[in-house]
Number of protein chains: 4
Amino acid sequence: MVIVMRDNATEQQIKNAEQRLEKCGFKIHRVDGVTRTILGAIGDKRGIDMREFESLEGVYEVLRITEPYKLAGRTFHPDNSVIPVNGSAIGGDEIIVMAGPCSIESEEQLYTIAREVKKAGAKVLRGGAFKPRSSPYSFQGLGEEGLVFLSQITQELQMGAVSEVMEIKQLDTITRYVDIVQVGARNMQNFALLRELGRIKKPVLLKRGLSATIEELLMAAEYIMSEGNYSVILCERGIRTFENYTRNTMDLSAIPVVQSLSHLPIIADPSHGTGRRDQVVPMARAAVAAGANGLIIEVHHDPDHALSDGFQSLYPSQFQRMMEEIKTIAWAIGKTI
Amino acid sequence: MVIVMRDNATEQQIKNAEQRLEKCGFKIHRVDGVTRTILGAIGDKRGIDMREFESLEGVYEVLRITEPYKLAGRTFHPDNSVIPVNGSAIGGDEIIVMAGPCSIESEEQLYTIAREVKKAGAKVLRGGAFKPRSSPYSFQGLGEEGLVFLSQITQELQMGAVSEVMEIKQLDTITRYVDIVQVGARNMQNFALLRELGRIKKPVLLKRGLSATIEELLMAAEYIMSEGNYSVILCERGIRTFENYTRNTMDLSAIPVVQSLSHLPIIADPSHGTGRRDQVVPMARAAVAAGANGLIIEVHHDPDHALSDGFQSLYPSQFQRMMEEIKTIAWAIGKTI
Amino acid sequence: MVIVMRDNATEQQIKNAEQRLEKCGFKIHRVDGVTRTILGAIGDKRGIDMREFESLEGVYEVLRITEPYKLAGRTFHPDNSVIPVNGSAIGGDEIIVMAGPCSIESEEQLYTIAREVKKAGAKVLRGGAFKPRSSPYSFQGLGEEGLVFLSQITQELQMGAVSEVMEIKQLDTITRYVDIVQVGARNMQNFALLRELGRIKKPVLLKRGLSATIEELLMAAEYIMSEGNYSVILCERGIRTFENYTRNTMDLSAIPVVQSLSHLPIIADPSHGTGRRDQVVPMARAAVAAGANGLIIEVHHDPDHALSDGFQSLYPSQFQRMMEEIKTIAWAIGKTI
Amino acid sequence: MVIVMRDNATEQQIKNAEQRLEKCGFKIHRVDGVTRTILGAIGDKRGIDMREFESLEGVYEVLRITEPYKLAGRTFHPDNSVIPVNGSAIGGDEIIVMAGPCSIESEEQLYTIAREVKKAGAKVLRGGAFKPRSSPYSFQGLGEEGLVFLSQITQELQMGAVSEVMEIKQLDTITRYVDIVQVGARNMQNFALLRELGRIKKPVLLKRGLSATIEELLMAAEYIMSEGNYSVILCERGIRTFENYTRNTMDLSAIPVVQSLSHLPIIADPSHGTGRRDQVVPMARAAVAAGANGLIIEVHHDPDHALSDGFQSLYPSQFQRMMEEIKTIAWAIGKTI
């Protein structure tokens, strides 16, 4: 941590700041600049909120030197984490594609779509059973019944299963049926939920919040990891910006940035990231080209009659063509699908 | 709802869209423009996600005509809601000030601060017992013990009490001790929690999410109200923008906007909205001048040693001066404090 | 400047970075932390783009210690600048209100409005002669003819005159007729124009760009000042955020922030800041309460037939009532109007 | 245009709005909904600012049906524009790569870099002669001398030349030396400059403003086209968001969106879009995968000593490897480089 004193800070204020830092366990190194004095505070104190020092008399600014996350960072874990999922692995040279409907609507619907995406190369089947809907008047999902369908179908087709948890009390049920537990963007900072996810034995797919910085995404992963579950897969799914032609703005540069800061794998969700069917394929290709470790894509055989998110679901034929295209792109950068 | 067809939409596509809408229960009114045909869809169907029509062949855009919220809006509830809190009322001509420490740290700390803010004119005492912290390594609050202090002190001083709930399982405990249950910005779209809050008998203080639109804030209120609890107090506490000199950007125009769209009261939180002590007073004054129904302010008698948020807490003397200033401002616009 | 080296930076990389900085004239102070080494670079080198050091091998991050502006900052100019305008002064204890139509449409229109705003207490008359319109098909202003009206009317009514310059070649003409030359938000980083404004002898009203940080606003002022014109009045007029119920989001906290960083006065433009007539008055009051040195407000006697911005122009009667309200608010914080 | 009346609009207010619209030349089609009346206004009136109707009594909202641009849109120009540049063509199946230094520093520097990028497959050489710098104290470019170098070297190497214009008075000089005139992001809404660019006979490379919506980008193109110059190449170069790990956030979804709305070609600038060398290659690949018609990339043989933007310039060897990768990606989606 570096404390920058104001131009006009008095010697007394500088001394006070030094003492305050020393009391917190830091070793201080003072540098007097042309107009300002800075204090280098040496010591690794992750529990301290450095903004606390910002309001000391005479302090201009506090600059952080080390990242606030530890388990999620590369410093003490330089090699990529590779997370096994149902015979495949996320985080290595293979790009894993997860696909399926937004909501599980019926056994037949899920089975129809599952066969299509499996045939095209998807390794994991997605399907929502508990749906977070911004209107209380919308379809809220089939609940456990949907999870039963998901589990049976993925076993039959030898696929992995991923589904979203919305609240702590659903966690026991969901972990019984799926291979990967998904945390939605709106829950990325639901810290109580994150702690519980840190105690399960299954990989967690953690979606970036709509207005979460990359650092906050990594801190959310840290929450899970600090409880013992190191199998966290991150997911870029679009951030909120002033541009509203697309529902969200996919921040694809988050992919190489996360990969430089963290050992955790990161996948992309172009369905929610764009919110428009005609944008999904170009952004899926772009995510792979940017280095994503995987994709999660909404597919529906009859999107016009889907109970949710039909407007952003690919037709199976579009999905199949996309898979062909991204295979070549993966090959161009030394990866496989 | 208005469906705008593409320039080159065929007659068949227009007919299909009409039929699809009619099947959903809408009455259709077709208008042929110079380059485009539009379909006016008449009917009040709040359960339908209008984006579903966006992916129909030949459709260019779907425009909503009615707000997605009903209970929170002014259409069927033109008069302001006035919510009684411990002898006062939020939403009328009186501006209610809530103040206190970020976290309850000890009985003595809370009592010291409570007396100061009470003396200066605060009607409600705030204090966190369960703290959502973005780092898993930070102080997480005293829990129920803190709520006991809060309850005893507010009874003695005849103040209202407000504290934040972080997860459903804390709800029973919290409602036993406080007059107003607060939902933090990160939980504004924790729909499971919102539903439960709709079933309690106490007012809910609902903070706007960091990247929530005004409409989403009102939809979150709708979630609570749709379960039967109509006592919702909204709170503007800053949104996330590109400007990062301040921690967040207070969107004070949200205050008159919310008041034009909704009958619910709205207060402002300049402590979190700015994140810097020297900004709190000017923005508190500005919020009152913009028409806020109340304020919630962090105050600490020894902010340099506060366990959280000290950098944005006012000293009691600053708080007292602020109260004097806002009394005059309130008077300028026909209100009282 | 502080250079933070990576965890795994080699001794050779640290040495190289030191040498590179020394070659640029900095004196280096090295601090070895627990996981990282930092280099304090002492020296005041405003011409150097510090991001150049970010790509040196082994460098993790470069942190700036001093602001990039000098003339606009408080360090070497601790007292407020007070800028005389036509008998009044901006930047002192008096709040200056500028008002008038968006565009000058005719002599009669301008005269009608001028008398109304003068009567209510405005000191400066605004009126656009050269209009920047985002559509090439919209009304573009009366040009010099409009400036003639503006000059005659303000002389008769003893008001100051402010009008916007859009391009360098208009500058000679405009300065002949007005007391304050306005730079629009879209031109805030038109550096060629800023340089020319630095050579005129009249105050410049510099509007914050839609996506400009506070620091960039102050750097734009620095551009003008570096050519010799120190009479710069800053103006907050809303920034672009995800919230689009209002046209822009007024960042009122920019007012106290600018006042802490700079000695230059700052006023607020709630007409453009909100883009909706019913928001203008609350935000004007809020800006004064936040400490603004002035306001600039669009007023039109017949806004339904205004050639531009009618939807955000106040009626004269609204303006008059607003003036009454802000007089009391000014008084509450020790100022006058 | 659709005018939505308020719930409680009176018959008189509806009649007034109808009359007002009819006076502007619209034909009105009234639809009475369950809670609201809407007025469909038929007629193509691009000069009218539809927000003018927003402040009529009883009006809730005004919704646009047709885009505000005409020449830039696909409605009257369904086929892609293909713009010839020095033997190549932008907008067809070939992806055009423009590369070179940020600033032209010397003949030798430019020549060294030009040969490298030419060898790797770049068709157009970029190089700044007039530099817009946010600090008045930074290197401002070589001016016309730099353009002479650019012109001579591109002739010798048979490449196209692109360089940025900052102000109108530079335009004559620049057009003498280059094949494509670039407009920087900060000038995207410098309407006076755009008009002049509409009168030149060379293609214009128009960069998206930092906070410009896609619609505003197309309106800026419309400005140029409305004066007669139809050769406009758009460029996505990152928008400003809350995420500040990267300098800007590249909005790659703008590429397919622009291609669906407009016939103009769009290229991507990952150097400015990310502002960090290690992000340039992944985002260049992603832009090609998303369907960009070209790239513009900063390359420097000695970036540590570049006079500007060294931190985001690729080494020639990185550029060469990138070219290999994007050739395969182009091939995957049916394009060539």
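The values are calculated or read from the model by the stated rules, or taken from the named source; none is laboratory data. Just so it is clear, the model here is predicted, and its values are computed rather than measured. Cβ: placed from backbone, ideal geometry, glycine included. Neighbour counts: every protein chain shown.
Among the residues of the stretch C:163-180, write down those that are touching a residue at least 60 places away in the same chain (Cβ under 8 Å) and not hydrophobic (A, V, I, L, M, F, W, C).
C:D179
Residues of the stretch C:152-179 that are among the hydrophobic types (A, V, I, L, M, F, W, C) and touching a Ser or Thr at 6+ places or on another chain (Cβ under 8 Å): C:A161, C:I174, C:V178.
Residues of the stretch D:70-85 that are in a loop (DSSP other than H, G, I, E, B) and surrounded by fewer than 23 Cβ atoms within 10 Å (Cβ to Cβ): D:K70, D:L71, D:R74, D:T75, D:F76, D:H77, D:P78, D:D79, D:N80, D:S81, D:V82.
The condition of being in contact (Cβ under 8 Å) with a residue 24 or more places away in the chain, in contact with a strand residue (DSSP E or B) (Cβ under 7 Å, 6 or more places away or on another chain) and either in a loop (DSSP other than H, G, I, E, B) or within 12 Å of another protein chain (Cβ to nearest Cβ) (or both) holds for D:I224. Which ones in the stretch D:179-197 are crowded, with 20+ Cβ neighbours inside 10 Å and either within 10 Å of D:R237 (Cβ to Cβ) or within 9 Å of another protein chain (Cβ to nearest Cβ) (or both)? Result: D:G184, D:A185, D:R186, D:N187, D:M188, D:Q189, D:N190, D:F191, D:A192, D:L193, D:L194. Listed by first and then second residue, the pairs with beta-carbon distance under 7 Å, at least 6 apart or on different chains, first residue in the stretch B:1-30 and within 13 Å of chain D (Cβ to nearest Cβ), second among the hydroxyl-bearing types (S, T, Y) and outside any strand (DSSP E or B), are B:D7/B:T35; B:D7/D:T75. Within the stretch D:262-278, restricting attention to residues that are out of contact with any Asp or Glu (no Cβ under 9 Å at 6 or more places or on another chain) and assigned to a loop (DSSP other than H, G, I, E, B), which residue is nearest to D:I90 (Cα to Cα)? My answer is D:P265. Only a single criterion out of (1) surrounded by 19 or more Cβ atoms within 10 Å (Cβ to Cβ); (2) without any contact (Cβ under 8 Å) to a residue 40 or more places away in the chain; (3) touching a strand residue (DSSP E or B) at 6+ places or on another chain (Cβ under 9 Å) is not satisfied by B:D49, namely (3). Scanning for something facing another protein chain (nearest Cβ under 8 Å) and free of Cβ contacts under 8 Å to residues at least 24 places away in the same chain, does the stretch B:253-273 turn up at least one residue? Within the stretch B:253-273, not a single residue is facing another protein chain (nearest Cβ under 8 Å) and free of Cβ contacts under 8 Å to residues at least 24 places away in the same chain. Residues that are assigned to a helix (DSSP H, G or I), at pLDDT 95 or above, within 12 Å of chain C (Cβ to nearest Cβ) and touching a strand residue (DSSP E or B) at 6+ places or on another chain (Cβ under 6 Å) do not occur anywhere in the stretch B:230-252.
Condition check ((1) more than 29 Å from A:E325 (Cβ to Cβ); (2) among the aliphatic types (A, V, I, L, M); (3) more than 14 Å from chain B (Cβ to nearest Cβ); (4) under 20 Å from the mean Cα position of the chain (by Cα)) across all residues:
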| position | (1), (2), (3), (4) |
| --- | --- |
| A:G100 | no, no, yes, yes |
| A:E107 | yes, no, yes, no |
| A:E116 | no, no, yes, no |
| A:F130 | yes, no, no, yes |
| A:Y137 | yes, no, no, no |
| A:E144 | yes, no, yes, no |
| A:V148 | yes, yes, yes, no |
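Going by the structure shown, is C:A292 assigned by TED's automatic domain parsing to the domain that holds C:I104, outside any helix (DSSP H, G or I) and of a type in the set (A, V, I, L, M, F, W, C)? It is true that C:A292 is assigned by TED's automatic domain parsing to the domain that holds C:I104, outside any helix (DSSP H, G or I) and of a type in the set (A, V, I, L, M, F, W, C). In the stretch A:320-337, the qualifying residues are those that are in contact with a strand residue (DSSP E or B) (Cβ under 9 Å, 6 or more places away or on another chain) and not in a helix (DSSP H, G or I), and the one that is surrounded by the most Cβ atoms within 10 Å (Cβ to Cβ) is A:I337. Looking at (1) at pLDDT below 95; (2) within 11 Å of chain D (Cβ to nearest Cβ); (3) surrounded by 24 or more Cβ atoms within 10 Å (Cβ to Cβ), which is the one condition that is false for C:D278? So the condition that C:D278 fails would be (3). Scanning the stretch A:281-310 for residues that are touching a Phe, Trp or Tyr at 6+ places or on another chain (Cβ under 8 Å) and of a type outside the set (S, T, N, Q), which turns out surrounded by the fewest Cβ atoms within 10 Å (Cβ to Cβ)? Among residues in the stretch A:281-310 that are touching a Phe, Trp or Tyr at 6+ places or on another chain (Cβ under 8 Å) and of a type outside the set (S, T, N, Q), the one surrounded by the fewest Cβ atoms within 10 Å (Cβ to Cβ) is A:H301. The single residue among A:K123, A:K131 that is among the charged types (D, E, K, R), closer than 26 Å to A:A289 by Cβ and surrounded by fewer than 24 Cβ atoms within 10 Å (Cβ to Cβ) turns out to be A:K123.
Residues in the stretch B:97-109 include none that are surrounded by fewer than 19 Cβ atoms within 10 Å (Cβ to Cβ) and either in contact with a strand residue (DSSP E or B) (Cβ under 6 Å, 6 or more places away or on another chain) or closer than 25 Å to B:A284 by Cα (or both). Taking the numbered list (1) on the phi > 0 side of the Ramachandran plot; (2) surrounded by fewer than 17 Cβ atoms within 10 Å (Cβ to Cβ) in turn, B:E11 passes all entries but (1).
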